[in-house]
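Peer 1: Have a look at this one.
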Amino acid sequence: MGFAQYLPEELMLYQKEALLDMIKVALGGRIAEEIYFGRVTTGASDDLKKVTQIATSIVTTYGMNDAIGLLNYSQEEGYAKPYSEATGALIDGEVKKLVDQCYNETKELLLSKKDIMEELAKKLLEHEVISLPDIIDVLGPRPYPMKESIKEYLEEMERRKSQDNEGVSTEESEESADEEDGDKTEEKKEDEDEDVIEPVKDEEEKKDKKKDE
């Protein structure tokens with residue numbers, strides 16, 4: 001199973017909360033494997049790489065960690081680490097603590113929404129491919145306002161769906177009308193046949209009567 005979405009608008013600044021949310025989203029697939037299958041696969045390898053990069057940047061680059069403070073320990077490739085072994089151990093510990101915290105919060109969220117996730121999985125099995133309107137039907141509206149572009153997309157999808165339903169309804173009406181016309185034509189033909197048969201019968205009866213006389 002895969003999930004695709006359009007890239008968000010390019011931002012120059014991110015708050016710490018936004019970065020933590022990115023980590024939680026990236027951890028979702030691995031946690032879902034643990035919850036629903038009881039085992040894990042290599043599918044989350046790229047996600048875990050992103051998780052490590054974001055968490056490390058929070059601690060060493062953006063000055064968003066209380067233990068490290070407002071120090072930039074970002075490391076350029078090919079250069080020695082600009083800090084001591086003790087600081088390196090502290091950084092490793094803070095990065096792991098940050099990821100573990102995001103992991104626990106994400107797992108708690110997914111467990112609390114397990115019934116909804118199962119409903120979404122059933123819908124995916126039925127249709128193979130589902131779009132944003134289908135996801136909203138199951139999960140409900142977002143807790144935060146949507147961007148105008150997404151609203152316009154949803155409105156367009158609803159409009160197309162309505163047109164498709166109207167088209168199906170029109171086709172069914174036309175088919176029903178055709179069937180009714182066909183039935184009426186058949187009835188008319190039967191009536192005409194009966195009108196032809198009756199005079200023939202009368203003529204034959206007259207001939208038979210003359211013979212008897």
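Bear in mind these aren't lab numbers, they're just calculated from the coordinates by the rules spelled out. As the structure is a computational prediction, the values presented were derived from the model and not from experiment. Counting neighbours? That spans all protein chains shown, and the Cβs are built from the backbone with ideal geometry, glycine included.
Peer 1: Once the piece of chain linking LEU111 and GLU33 is laid out straight, how much longer is it, given 0.36 nm per residue of separation minus the C-alpha distance between them?
Peer 2: 26.9 nm
Peer 1: Here is a further query. Do any trypsin sites (Lys or Arg not before Pro) in segment 73-121 lie in a loop, going by DSSP, with at most 15 other beta-carbon atoms within 10 Å of their beta carbon, and if so which?
Peer 2: LYS113
Peer 1: Suppose the chain between TYR144 and LEU132 were pulled fully straight at 0.36 nm per residue; how much longer would it get relative to their current alpha carbon spacing?
Peer 2: That pair, TYR144 and LEU132, stretches by 2.8 nm at full extension.
Peer 1: Could I ask something else about it? Under a plain spin-label model, where a point goes 7 Å from the Cα along Cα-to-Cβ, how far apart in nm are VAL25 and THR61?
Peer 2: My value for the distance between the label points is 1.7 nm.
Peer 1: How far, in nm, would the chain grow between GLN53 and ASP100 when pulled straight, counting 0.36 nm per residue and subtracting the alpha carbon separation?
Peer 2: This chain segment gains 15.5 nm when fully extended.
Peer 1: A further question follows. Taking the Cα centre of segment 73-135 as origin and charging only Cβ (+1 Lys, Arg; -1 Asp, Glu), how large is the dipole, in debye to the nearest 20?
Peer 2: The dipole magnitude comes to about 140 debye.
Peer 1: Please give the peptides 82-92, 134-144 ranked by average Cβ packing (other Cβ atoms within 10 Å per residue), highest first, as a rough proxy for protection.
Peer 2: Per-residue mean Cβ counts within 10 Å order the peptides as 82-92, 134-144.
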